[in-house]
Structures are given as structure tokens and as C-alpha cells.
1. Which one of these is closer than 22 Å to Ile361 by Cβ, in the same structural domain as Ser390 (by TED's automatic domain parsing) and in contact with a helix residue (DSSP H, G or I) (Cβ under 6 Å, 6 or more places away or on another chain): Gly273, Gly224?
2. If a residue has to be among the polar types (S, T, N, Q), touching a residue at least 24 places away in the same chain (Cβ under 8 Å) and surrounded by fewer than 16 Cβ atoms within 10 Å (Cβ to Cβ) to count, how many in the stretch 155-179 make the cut?
3. Using the structure shown, decide if Ala146 is part of a helix (DSSP H, G or I), surrounded by 13 or more Cβ atoms within 10 Å (Cβ to Cβ) and either modelled with pLDDT of 95 or more or small (Gly, Ala, Ser) (or both).
4. If Ser365 satisfies every condition in (1) touching a strand residue (DSSP E or B) at 6+ places or on another chain (Cβ under 9 Å); (2) surrounded by fewer than 19 Cβ atoms within 10 Å (Cβ to Cβ) but one, which is the exception?
5. Looking at the stretch 249-275 only, could you name the residues that are in contact with a strand residue (DSSP E or B) (Cβ under 9 Å, 6 or more places away or on another chain) and either hydroxyl-bearing (Ser, Thr, Tyr) or surrounded by 19 or more Cβ atoms within 10 Å (Cβ to Cβ) (or both)?
6. Can you name the residue in the stretch 89-111 that is more than 30 Å from Gly195 (Cα to Cα) and touching a helix residue (DSSP H, G or I) at 6+ places or on another chain (Cβ under 8 Å) and, of all such residues, is surrounded by the fewest Cβ atoms within 10 Å (Cβ to Cβ)?
7. Within the stretch 112-132, how many residues turn out to be loosely packed, with under 10 Cβ neighbours inside 10 Å and polar (S, T, N, Q)?
8. Please go through the stretch 337-362 and give me each residue that is surrounded by 18 or more Cβ atoms within 10 Å (Cβ to Cβ) and farther than 18 Å from Asn283 by Cα, ordered by number.
Amino acid sequence: MRLAALILARVRPLKGGHMAAEKMSLHGKAVVDYSLDVLRHYGETVVITESSTTGEDWEDQVLKVLRRMSLDSAGAPDFVLQHDATRPLITHQSIRDVISLLLQGKEIVTASVKARDSLWSGDSFLEEATSLQTPEGFPFTVLLKAHEWRSELRKTFASGTELVVSCLGASPTLVPLAFSNNRIETHEDMAAAEGILKFGQESIAEDPRDLEGLHVLVLGGSGGIGKACIEFLEELGATCHAPSRQELDLRDEYSYPNLGNYHAVIHTAGEYGASPEDIMQVNFFSCLNLLAQAESRQWRGNIVFISSSSSTWGRPGIPVYSASKAALNALVESEADRLAAKGIFVNVVAPAKVSTRLQSIINPSLSSEMMLSPRYVARIVMRYIHTNQSGCLVFLRKGLDAA
């Protein structure tokens, strides 16, 4: 199967602003890059931008690209995905769902979100409505035919789905999204998207089946999450070493782990009810030292840090702990791209309350059913010990732990 992806940048300024949303940045990254980062994994990716000088709209440019692809000596793609660049909350799961339906023979596949609320349509209430969003997917020949038809009629359409539905007289097959990927049209939309992108990052979906041959260092292996990670590693065929505090005391600023021939490091060690100095040393400075050592020794591999949901909002009673985890998140976000270029791939898993011995002391009245299991957290960690993805902050919450 050969697939092409078209990212549509419409170059309309934000309402009340002077710059198009896809040219603006979220967390220091251009909005359009969020779409590129996902779609480039699936085939040739082309960004199509409206021209302010030639008067060509995005539909005219899509037709030009499709015609060029039809003449490619390697053959035209089988399918085409279209995505609106002002919708940055695109996920790998939505792409996989669209492709799956295209392979089943569907001709119009469209991401969608159902709205169930008190909806007013102008003269009456609706109990339910469906918002058509992107990505959209079409067989290449179908989309090319629809655009040739549109060009002859000199008509414009709001989306690829509207165009192909009008051309074929067929109904789209809808792919339900986990959350709405609304188009950014105002500065308020930008602020909302920034918050979702911060705390709603998509986890790698596939569990590793075999880690045989991997040698993994586990820091904090005596804790609940650390023990669960060790169990998973052994089940998957990896070998691991978890030094005791006597062997490696992370409270000591001069105590560094020897990375040796390890392929990956899982840092689950954490201080909670200690002095502010010890909490910051173990939860933050030991992580900073680990990255510095990995870089100075030209080590290559994966590092996974365990953070906490308390990093998102300072928790009363644990200000230093919350601050240490927030600092860890910022460290990884700041350094991930630079270190990835050197072969050091760094990611963070930040769970909410986990059913461990420590949590039973902190919240003795909270039942284990209300918390994440250490094994679930470890399962997510396993997805990041042999990957080229870097800079991910994966927040885990109870109720979203079925995957």
C-alpha cells in the first residue's frame, strides 16, 4: 500500500490577529509541525498553502499535486489523507483508523466528533449533531476524479469530504475521535490547544513483544513501580540491574550510575517525605546528572523518567515534591531534541496516584481501585525503552488506563 498525505494550510489570520494559526507556535513549535510529525510516518507528505499572490486557492493546488502524483514513474499512491493544518491535535490512532477503513474499500473516511448537548440549529433544538473534522481519507483515483469535476464546475467546497460527497453522491464513513480536534481560529483557541497538547500527549500504542538482548538499568527498583518494571523486563526477555541504595545513593550529588553497556535506563527513584534538599537531589538533580553523564560519555540509548501528575498543579502539603517533578518535566522538554540528535532518547511517564506502599501511607483511606496499578504504569514505560521517539510527556490517569 502506498499512501500520500496532504496538509492544508489556508493562511487565514486568526480573528483579531495578523498571522495564520499554522504559522504560529505552540510550546515553541509551529502549529503545522504537529501535523507533520504524525503524518510523515505514513508516506509522502506535502504541505499545501494558499497563495496570496497567484490567487490560487488550496483546492487548485491540491489538483496540481494530484495530477503530478498521477504521472509519477513509481505509480500514483493508493490512498490520500487530507488534514487541516489548523487542527494540531492529530493522533496516530486516528490515522490508523482512517487507513483501516480505506483498506476495507470505503471511499470517504472522515474523522468526526459527536456533540450531545442542547444544540440550537436556528429554529429548533437538536439532541445530537456530528462535527466533521480531519484527517480525511480517500482512494487516490476518487479524490482526483472529484477535483477534476470541481475544476470543471469552478466550484469551491469547505472540505475534501464535502467535495467527494457532492461528486459521488455517497455518504462518508465516520471515524470517532477520542477528543475534538477543533480548528484554531482565535487566540482563545490557541490557548486551549496549548493546554491539551501539554497534558494530552498520545502514548505509543504498541506494547513490545520481545526485549531479549536488552540490558536495562533500573533506578529505584525496590519501589512499587520499579518492581513492576523489573517483572515486565524479565517477562520480555531483557536483563536488568537495580542497584540498592547502598550501592548507589542518589541523595549524594557525586553518586552517578555507571551506564556501561546498558541499552536503557528507567529512573523510578523518588523522594517524598524528606528534606527539601534530598527531594530536589533525587527527583531532579540526579536526573540532570544522568543526562550529563550520558552525553559526556557519548552513550546512546533510551532513558525513561517517572514524574507525577503533581507536576501539573502544585499539590498542597507537598510543594517541593511538586516543584521537583515540574522541573524534571521542563528539563526533558528542553533537552529532548538536542539529546535525540546524539542518540539519547528521553521520555517521561507521569502517573496520577499509583497503588504503592508509599501511596497507602500518604492516602490510607483511598482504595486501590481508585488508583493506577504499578503494572499498568510499568507497561507504558516498556513502550519507551526501545524507541526513537523523544521528548514525550505521557500523563496517566485512572479511567484512561484501559489500553
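1. Details: Gly273 fails: in contact with a helix residue (DSSP H, G or I) (Cβ under 6 Å, 6 or more places away or on another chain).
The unique qualifying residue is Gly224.
2. 2
3. yes
4. (1)
5. Leu250, Pro257, Tyr262, His263, Ala264, Val265, Ile266, His267, Thr268, Ala269, Gly270
6. The residue in question is Glu107.
7. 3
8. Within the stretch 337-362, Leu339, Ile344, Phe345, Ser355 qualify.
The values are calculated or read from the model by the stated rules, or taken from the named source; none is laboratory data. Treat the numbers as computed from the prediction; the structure is a model and nothing was measured. Glycine gets a Cβ as well: all are built from the backbone with ideal geometry, and neighbour counts include every protein chain shown.
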